[in-house]
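Below is one structure; the comments refer to it alone.
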Amino acid sequence: MSVAAMPGGHAPSLRIDKYLWFVRLAKSRSIAQAMAERGIMRLNGRRVERAHSPVRVGDLLTLAHGDRIRVVRVLRLPDRRGPATEAQGCYEELELGR
């Protein structure tokens, strides 16, 4: 079933580990799961500690990526792990004020 065709009146969502892997913010799904379970990222300001936390369009993700902090807004939920150009269209990188 497509992510966009979820029944029940709730906004469509995708597990955070799958989202990170699909949009290429994590090299593998197991790395994305570990990132979520270590509690090193935030979803809409709340600490994420589970890989199955739901991500929806409009959500803000804050995560450590290498030696920097990245803040991204979810623009759409991907159906697959596609090429990098397709993945980059699923989120918008926000600049941190300094």
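The values are calculated or read from the model by the stated rules, or taken from the named source; none is laboratory data. This one's a predicted model, so the numbers in the text were calculated from it and none came from an experiment. Positions of Cβ are backbone-derived with ideal geometry, glycine not excepted, and every protein chain shown enters the neighbour counts.
Residues in segment 54-67 that are part of a loop (DSSP other than H, G, I, E, B) and touching a strand residue (DSSP E or B) at 6+ places or on another chain (Cβ under 6 Å): Val57, Asp59. Applying the criterion of being in a loop (DSSP other than H, G, I, E, B) and of a type in the set (A, V, I, L, M, F, W, C) to the residues of segment 3-28, the residue that is modelled with the highest pLDDT is Val23. With respect to the conditions (1) within 20 Å of Leu94 (Cα to Cα); (2) of a type outside the set (S, T, N, Q); (3) modelled with pLDDT under 95; (4) in a loop (DSSP other than H, G, I, E, B), Arg70 falls short on a single one, namely (4).
Criterion first (closer than 25 Å to Leu96 by Cα, within 11 Å of the chain's Cα centre (by Cα) and at pLDDT below 95) does Leu63 satisfy it?
In short, yes.
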